[in-house]
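Here's the structure, in structure tokens; my notes come after.
The values are calculated or read from the model by the stated rules, or taken from the named source; none is laboratory data. None of these values were measured; they are calculated from a predicted model. For neighbour counting, all protein chains shown are included, and Cβ atoms are generated from backbone atoms with ideal geometry for every residue, glycine included.
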Amino acid sequence: MNFTADIDALYQPSENVISKDIEGQFMIVPLISGVGNLNEEIFQLNTTGSAFWKKLDGKTSLRDIMVSLTVEFDAPYETIETDIIRLVDQLIKKKFIFEVR
């Protein structure tokens, strides 16, 4: 798979999506057409994905976020890196996040 994510880059959520935690399910919903696939409007995140989303601030690199997730979830960096890069690639393609720099 070809990834577009740069682990040293800064990313932040698009202003065209909202995120909500509804009864323990964390979801991202596009606010306008053309953001995300209309057939898959709602994007659901698991526990690690939602923790990642909450850390996206446009000021912290993906690498630093991944390091903090390894501590938070007591998981190997390589596992977190693989999962987060795959997630970031999906979020970029759906236009849910964008690179700040």
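Things worth noting here:
- Tally of residues being out of contact with any strand residue (DSSP E or B) (no Cβ under 9 Å at 6 or more places or on another chain) and charged (D, E, K, R) across segment 43-69: 3
- Residue count for segment 1-28, restricted to those that are aliphatic (A, V, I, L, M) and modelled with pLDDT under 90: 3
- Filter pass, Lys20 being outside any helix (DSSP H, G or I) and out of contact with any His (no Cβ under 9 Å at 6 or more places or on another chain): yes
- Matching residues, segment 76-99, being more than 20 Å from Glu15 (Cβ to Cβ) and either touching a Ser or Thr at 6+ places or on another chain (Cβ under 7 Å) or surrounded by fewer than 15 Cβ atoms within 10 Å (Cβ to Cβ) (or both): Pro76, Tyr77, Glu78, Thr79, Ile80, Thr82, Asp83, Arg86, Asp89
- Taken over segment 41-66, the criterion of being among the hydrophobic types (A, V, I, L, M, F, W, C) and surrounded by fewer than 15 Cβ atoms within 10 Å (Cβ to Cβ) is satisfied by Ile42 alone.
- Only residues that are in contact (Cβ under 8 Å) with a residue 24 or more places away in the chain, over 9 Å from the mean Cα position of the chain (by Cα) and assigned to a helix (DSSP H, G or I) were counted across segment 48-68, and they come to 4.
- Among residues of segment 49-100, those that are in contact with an Asp or Glu (Cβ under 9 Å, 6 or more places away or on another chain), over 12 Å from Ala5 (Cα atoms) and modelled with pLDDT under 95, counted: 1
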